[in-house]
Amino acid sequence: MVFHVKRRSLLSDSLDSRLRRGLGLFRAATVAAPVSRETLTPMQDSETIDQIDDTPIARAAQAAVQAIGRAGQGLPRPAATRVIVVANQKGGVGKTTTTVNMAASLAMHGLRVLVVDLDPQGNASTALGIDHHAEVPSIYDVLVEGKPLADVVQPVRDVEGLFCVPATIDLAGAEIELVSLVARESRLQRAIAAYEQPLDYILIDCPPSLGLLTVNALVAGQEVLIPIQCEYYALEGLGQLLRNVELVRAHLNPALHVSTILLTMYDARTRLAAQVAEEVRTHFQREVLSTAIPRSVRISEAPSYGQTVLTYDPGSTGALSYLEAARELALRAVGRNGSPVGQQRDGQQGHVAPAAQHGTTEGHQ
Ligand SMILES: Nc1ncnc2c1ncn2[C@@H]1O[C@H](COP(=O)(O)OP(=O)(O)OP(=O)(O)O)[C@@H](O)[C@H]1O
Ligand SMILES: [Mg+2]
């Protein structure tokens, strides 16, 4: 396969330099041409690159270029804030990873996104580079002390339009403390309803349990996003989660529905992953995103640098797949008719958000 790329026009994209680092792959691909790096002469504006082999790195480069271009195009802004609960009581299936990377992808498309960390482990806060030691004002203060959400929201460094409500270890006691409080199941919902800042998306990262914290999320949200890890026990326990969603819908939140299922940690080399993916797609034809998130070292490394994979390694397959999944999530909702939760944003349906300008802090390759 041959593809033609004008190098100058790509480099002059007005996107965040972090995103443009994805072009590193593109440059690497040029080295895959039958000349060494040393013998390459600087290219002229209109010069094209011909005869680049169809190597994996060339394909990755091409995907990076496409994704970066698409990030600049923006995504539809929902008419009302979409409150999405990322839940699965099974541990380690990619809830937090999905929450932070989907949120960053949406924000990079120019949308305003809030991540609510509802897990005492505070992993989403860590991944977004937000300090969450015990004294930091957090979601605990909102749920148990009744503090306004606005008092605990923090902007995420590096990604404009992305905000986070951190969780501290205090939250570990909240399951018990909430029991005796008034309106214990709807405290998060009330806090979100009272939050006046305009937001396009709120993503709530749930703990791996179906206790009062998760119930608060299910009452506050309109949609449930279930990450499913492509492994043998993937569907075990899913019935319990679906029953809980049904119970909350019947008694507390009629708008709630499972809108999205995302296959995570997909390893294309194993037959098992393909079988699990097929089974999930058969059961949940409408809900499963066609993009599956591959198992990727870059995705698992990013949190240790307090980053999402989108800023840590924008050209990686992990970053590209989350960009694509977020795009699907945003585009699928267009024309859907769920009752809105959160504040109405009049006159903005169908409006395409301009691409955000992002921070430029250098990261790690
Ligand atoms: N696509 C992926 N490729 C490789 N590693 C991944 C991927 N997605 C998640 N991981 C890693 O798997 C582990 C579990 O992911 P994550 O913390 O997102 O799951 P979780 O469902 O939020 O877990 P918990 O139930 O404890 O909250 C983490 O170490 C994470 O870095
Ligand atoms: Mg988690």
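None of the figures in this text is laboratory data; all of them are computed from the coordinates on show. Predicted, not measured: the structure shown is a model, and the values here were computed from it. Neighbour counts are summed over all protein chains in view; Cβ atoms, including those assigned to glycine, are modelled from backbone coordinates with ideal geometry.
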Query raised in the report: Based on the mean of other beta carbon atoms within 10 Å per residue, what is the order of 173-183, 295-305, most packed first?
Result: 295-305, 173-183
Report summary line: Between the modelled labels at Leu181 and Arg281 (7 Å from Cα along Cα→Cβ) the distance in nm is 4.3
Report summary line: Residues whose modelled amide H sits under 5 Å from the amide H of Ile261, counting only those 5 or more places away in sequence or on another chain, are Ile226, Val288, Leu289
**Report entry** For region 82-99, 3J(HN,Hα) per residue [Karplus equation, 6.51 cos²θ - 1.76 cosθ + 1.60, θ = phi - 60°, Hz, x = Gly/Pro]
**Finding:** 8, 9, 10, 9, 9, 9, 5, 6, 6, x, x, 9, x, 4, 5, 4, 5, 4
**Report entry** Residues whose placed amide H lies under 5 Å from that of Cys164, excluding near-sequence neighbours
**Finding:** Val115, Gln154, Val156
Requested in this report: Within 10 Å, count the other beta carbons around each residue, average over each peptide in 251-264, 146-159, and list them highest first.
Outcome: 251-264, 146-159
Report task. Quick one: check the C-alpha center-to-center distance for region 114-146 versus region 224-281, whole angstrom. Result -> 25
Query raised in the report: Applying the Karplus parametrisation 6.51 cos²θ - 1.76 cosθ + 1.60 with θ = phi - 60° to the phi angles of region 303-319, what ³J(HN,Hα) value in whole Hz is obtained for each residue in order, glycine and proline being reported as x?
Result: x, 5, 9, x, 9, 8, 5, 5, 9, 5, 8, x, x, 6, 5, x, 5
**Report entry** Using θ = phi - 60° and Karplus 6.51 cos²θ - 1.76 cosθ + 1.60, couplings along region 237-247 (whole Hz; Gly, Pro as x)
**Finding:** x, 5, x, 5, 4, 5, 5, 5, 4, 4, 4
